[in-house]
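Since the structure comes first, as structure tokens, the remarks are kept for the end.
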Amino acid sequence: MATVIRNPLFIPSSSHHHNLNRNNSSVLLTLRFPHTSLRHSSLHFKSRFAVSCSQSEPSSRQRPPYIPNHIPDPSYVRIFDTTLRDGEQSPGASMTSKEKLDVARQLAKLGVDIIEAGFPAASKDDFEAVKMIAQEVGNAVDDDGYVPVICGLSRCNENDIRRAWDAVKHAKRPRVHTFIATSAIHMEYKLRMSKEKVIETARSMVKFARSLGCEDVEFSPEDAGRSDREFLYEILGEVIKAGATTLNIPDTVGINLPSEFGRLIADIKANTPGIENVVISTHCQNDLGLSTANTIEGARAGARQLEVTINGIGERAGNASLEEVVMALRCGAHITGNLYTGINTKHIFLTSKMVEEYTGLQLQPHKALVGANAFAHESGIHQDGMLKHKGTYEIISPEDIGLERTNEAGIVLGKLSGRHALRKRLEELGYELNDDQVQSLFWRFKGVAEKKKRVTDADLRALVSDEVFQAEPVWKLGDIQVTCGTLGLSTSTVKLLSSDGSTHVACSVGTGPVDSAYKAIDLIVKEPVTLLEYSMNAVTEGIDAIATTRVVIRAESETSTATTTSASTGETVLRTFSGSGAGMDVVVSSVKAYIAAINKMLGFKETYPSAEKIPISSLKI
């Protein structure tokens, strides 16, 4: 009886398998068929799949020297993070300049190669934030010579490009990223331009960027995934001649399938004149849930810069997730040809939490790698396997991304714990806090510990988010008293402390305790806002759990300066602001979240009282 094996994951090994490289850690699989006539009654196969991403140490290869249009090591992949630009376009994800600077610092710790810090022409706030990041983060060179490239986005017009250059030129390695749509539907209905006009605009604007002194220019043909191939080859060849150093190929609407997008990158690499003189990049949206898969396929096809965001945030369904792409490359080295990045994966979890808190975009529990359930095992079969060997159901150790297992930590915190124990545990969780922050957090911790027998890591993260990851306080909660129930209207009395130290008290009625408290705050703050979203979650199980609340608000004043310009449409839109709060009292948690959102909005307005608005009619395209 013949035995046929149909499995593309296995290939025959050499018959002299004992001569294999002794450093090769691949698994040898032996299949025995006693009733076959095969020689020695056995088959030897060499596994082509990874058993565990954590079994081997991360690559020790060094990050190659930075050259704008060339990567000396063909196996190195640049990570281009656009959390601060595309990620901030998510509804409710607006961040203050201080928050953007904090995130940029954390991205540098993570080791990203390029930080797209924003869209400088969108508003004065965006311009100043990008400039500040370029001046500080863009000049912080570490001992190994690493410093991230600071990039500013611009449309293909002189005003945008000049604003982008003026913002990023203060960095040691500045880059201008300019784009124009190339798909038929965009050229006809949005741009209303012919192919010839689009090519001429792209060519001239890349030349203009170079004429300003920018030696690192990235060009993107927007909606490349739906663009005519021959037209793409032509326009890309022209911008290369004009001086572009990186060609970014975006699947703007997330319509491509992985094999389709991989073929697009391969075709561009094979048919674009001068392509050997630039770096090919990918930018994949997640509309069909394929952004990570498409990005990996792009890398396999020859792209050596991958555009991603922390937690995959961004327009509509978001972008390719940095953590997913980086760990997929690490786990799939046997498929990708040993591609590697310069990312320090130990900083992934903390970076994810920082972005989650600053943007207010909460992760779904089952989000890959950084979701609450990513390393949770409830099935009896899975738990049995995990108790015997963690590798049975975990391909990645949580410690690899900076997440320490709660039940394996040596320190259990309670009401008798001191500052040293608290600081030690916070450091183990990846938080680097100064003395003042630890002192402030310590008293919040003691308050919780008095009411709970044991303070968990989840509790600590909620407290850190509430104390550290907050906007500069314009208003601070002093006290609140609520009367509610089935008899009569709910009534709240709120005392707020302003930044100048003065005390303000107001009382209001409402349909419930939260509604009445919010109305009392409105009476004090006197800034008309609309509450767009309100959500609450318990951090842990139990009636004594800390509650975390998230709100999203929008300023409704006709003179509001909280506006920005959409990079894709050119429309001026009102910003939305998120806030989060934590506390063992659900009303207090809700009030803190509302005040946090208001502080973020007011902080933006006070920092930039005359925010610049650039009408679409003034743009030269």
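The values are calculated or read from the model by the stated rules, or taken from the named source; none is laboratory data. Everything numeric here is computed off the predicted structure, so don't read it as measured data. Please note: Cβ atoms are built from the backbone with ideal geometry, for glycine as well, and neighbour counts cover all protein chains shown. To get the accessible areas, we keep the full protein, side chains included, count just its heavy atoms, and leave off ligands, DNA and RNA. Shrake-Rupley method; radii C 1.70, N 1.55, O 1.52, S 1.80 Å.
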**Report entry** Subset tally (residues that are touching a helix residue (DSSP H, G or I) at 6+ places or on another chain (Cβ under 7 Å), of a type in the set (A, V, I, L, M) and either over 12 Å from K592 (Cβ atoms) or in the same structural domain as N434 (by the TED database) (or both)) for the range 472-501
**Finding:** 2
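Answer yes or no: is there a residue in the range 467-475 that is among the acidic types (D, E), open to solvent by less than 40 Å² (accessible area, probe 1.4 Å) and either within 28 Å of D522 (Cα to Cα) or assigned to a loop (DSSP other than H, G, I, E, B) (or both).
Filtering the range 467-475 for residues among the acidic types (D, E) gives 467, 472.
Still in the list and also open to solvent by less than 40 Å² (accessible area, probe 1.4 Å): none.
Checking the range 467-475: not a single residue is among the acidic types (D, E), open to solvent by less than 40 Å² (accessible area, probe 1.4 Å) and either within 28 Å of D522 (Cα to Cα) or assigned to a loop (DSSP other than H, G, I, E, B) (or both).
Can you tell me which residue within the range 306-357, out of those that are assigned to a helix (DSSP H, G or I) and of a type in the set (S, T, Y), is modelled with the lowest pLDDT?
Here is the first cut: in the range 306-357, the ones assigned to a helix (DSSP H, G or I) are 310-312, 322-331, 333-336, 345-357.
Checking the rest, the ones that are also of a type in the set (S, T, Y) come to 336, 345, 351-352.
Details: T336: 93, T345: 96, T351: 96, S352: 96.
This residue is T336.
Determine, yes or no, whether I553 is within 25 Å of L574 (Cβ to Cβ) and touching a strand residue (DSSP E or B) at 6+ places or on another chain (Cβ under 6 Å). Please lay out each step first, then the result.
Numbers: within 25 Å of L574 (Cβ to Cβ): yes; touching a strand residue (DSSP E or B) at 6+ places or on another chain (Cβ under 6 Å): yes.
Yes: the conditions hold for I553.
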Report summary line: For the range 276-292, pairs from a residue that is outside the structural domain of F179 (by the TED database) and in contact (Cβ under 8 Å) with a residue 12 or more places away in the chain to a residue that is among the hydrophobic types (A, V, I, L, M, F, W, C) and surrounded by fewer than 23 Cβ atoms within 10 Å (Cβ to Cβ), with Cβ under 7 Å and 6 or more apart or across chains, are none
Query raised in the report: Just checking, how many residues over the range 171-188 are surrounded by fewer than 23 Cβ atoms within 10 Å (Cβ to Cβ), under 31 Å from the mean Cα position of the chain (by Cα) and not in a loop (DSSP other than H, G, I, E, B)?
Result: 5
Report task. Could you tell me whether the range 196-219 includes any residue that is within 29 Å of the chain's Cα centre (by Cα), open to solvent by 60 Å² or more (accessible area, probe 1.4 Å), within 25 Å of G118 (Cβ to Cβ) and touching a residue at least 60 places away in the same chain (Cβ under 8 Å)? Result -> yes
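Could you list, in sequence order, the residues of the range 111-124 that are charged (D, E, K, R) and touching a Gly at 6+ places or on another chain (Cβ under 9 Å)?
D113, E116
For the range 80-116: of the residues being of a type in the set (A, V, I, L, M) and under 12 Å from the mean Cα position of the chain (by Cα), which is nearest to C151 (Cα to Cα)?
At the first step, the residues of the range 80-116 found to be of a type in the set (A, V, I, L, M) are 84, 93, 95, 101, 103-104, 107-108, 110, 112, 114-115.
Next, only the ones that are under 12 Å from the mean Cα position of the chain (by Cα) stay: 84, 93, 103-104, 107, 110, 112, 115.
Details: L84: 10, A93: 20, V103: 15, A104: 12, L107: 13, L110: 17, V112: 12, I115: 6 Å.
Restricting to residues being of a type in the set (A, V, I, L, M) and under 12 Å from the mean Cα position of the chain (by Cα), the top hit is I115.
Answer yes if at least one residue in the range 77-98 is charged (D, E, K, R), in contact (Cβ under 8 Å) with a residue 60 or more places away in the chain, under 20 Å from L350 (Cβ atoms) and open to solvent by 10 Å² or more (accessible area, probe 1.4 Å), and no otherwise.
First, the residues of the range 77-98 that are charged (D, E, K, R): 78, 81, 85-86, 88, 98.
Then drop every residue that is not in contact (Cβ under 8 Å) with a residue 60 or more places away in the chain, which leaves 78, 81, 85-86, 88, 98.
Next cut, under 20 Å from L350 (Cβ atoms) only: 81, 88, 98.
Checking the rest, the ones that are also open to solvent by 10 Å² or more (accessible area, probe 1.4 Å) come to 88, 98.
Yes.
If you go through the range 256-271 one residue at a time, do you hit one that is modelled with pLDDT of 95 or more, in a loop (DSSP other than H, G, I, E, B) and under 20 Å from A202 (Cβ atoms)?
Keep residues of the range 256-271 that are modelled with pLDDT of 95 or more, which gives 256-271.
Subset that is in a loop (DSSP other than H, G, I, E, B): 256-257.
Narrowing further to those that are under 20 Å from A202 (Cβ atoms): none.
No, the range 256-271 contains no residue that is modelled with pLDDT of 95 or more, in a loop (DSSP other than H, G, I, E, B) and under 20 Å from A202 (Cβ atoms).
Give the residue that is surrounded by the most Cβ atoms within 10 Å (Cβ to Cβ), with candidates limited to residues of the range 430-439 that are without any contact (Cβ under 8 Å) to a residue 40 or more places away in the chain and not in a helix (DSSP H, G or I). Give the derivation first.
Taking the range 430-439 first, the residues without any contact (Cβ under 8 Å) to a residue 40 or more places away in the chain are 432-439.
So of that shortlist, the ones also not in a helix (DSSP H, G or I) come out as 432-434.
Working: E432: 10, L433: 17, N434: 8.
Ranking the candidates gives L433 first.
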Query - Odd one out for S321 among (1) without any contact (Cβ under 8 Å) to a residue 60 or more places away in the chain; (2) in contact with a Cys (Cβ under 9 Å, 6 or more places away or on another chain); (3) open to solvent by less than 10 Å² (accessible area, probe 1.4 Å) - result: (2)
**Report entry** Boolean, F119 is surrounded by 24 or more Cβ atoms within 10 Å (Cβ to Cβ) and aromatic (F, W, Y)
**Finding:** yes
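Conditions tested, residue by residue: (1) more than 18 Å from V474 (Cα to Cα); (2) in contact (Cβ under 8 Å) with a residue 60 or more places away in the chain; (3) in contact with a Lys or Arg (Cβ under 7 Å, 6 or more places away or on another chain).
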| position | (1), (2), (3) |
| --- | --- |
| V514 | yes, yes, no |
| Y518 | no, yes, no |
| I521 | no, yes, no |
| K526 | no, no, no |
| E541 | yes, no, no |
| I546 | yes, yes, no |
| V552 | no, yes, no |
Query - Candidates V141, V149, V130, V112, filtered to the one that is at negative phi and touching a helix residue (DSSP H, G or I) at 6+ places or on another chain (Cβ under 6 Å) - result: V130
Report task. Report yes if D459 is of a type in the set (D, E), over 25 Å from the mean Cα position of the chain (by Cα) and part of a helix (DSSP H, G or I), otherwise no. Result -> no
**Report entry** Tally of residues being out of contact with any Gly (no Cβ under 7 Å at 6 or more places or on another chain) and either in a loop (DSSP other than H, G, I, E, B) or under 25 Å from A301 (Cβ atoms) (or both) across the range 80-102
**Finding:** 7
**Report entry** Scope the range 220-263; condition among the hydrophobic types (A, V, I, L, M, F, W, C) and either open to solvent by 30 Å² or more (accessible area, probe 1.4 Å) or within 25 Å of the chain's Cα centre (by Cα) (or both); matching residues
**Finding:** A224, L247, I249, V253, I255, L257, F261
Report task. Would you mind telling me which numbered condition in (1) under 31 Å from the mean Cα position of the chain (by Cα); (2) at pLDDT 95 or above; (3) not hydrophobic (A, V, I, L, M, F, W, C) E533 fails? Result -> (2)
Requested in this report: Sort out which residues of the range 523-538 are of a type outside the set (V, I, T) and either exposed (fewer than 13 other Cβ atoms within 10 Å of the Cβ) or assigned to a strand (DSSP E or B) (or both), and write them in order of number.
Outcome: K526, P528, L531, L532, E533, Y534, S535, M536, N537, A538
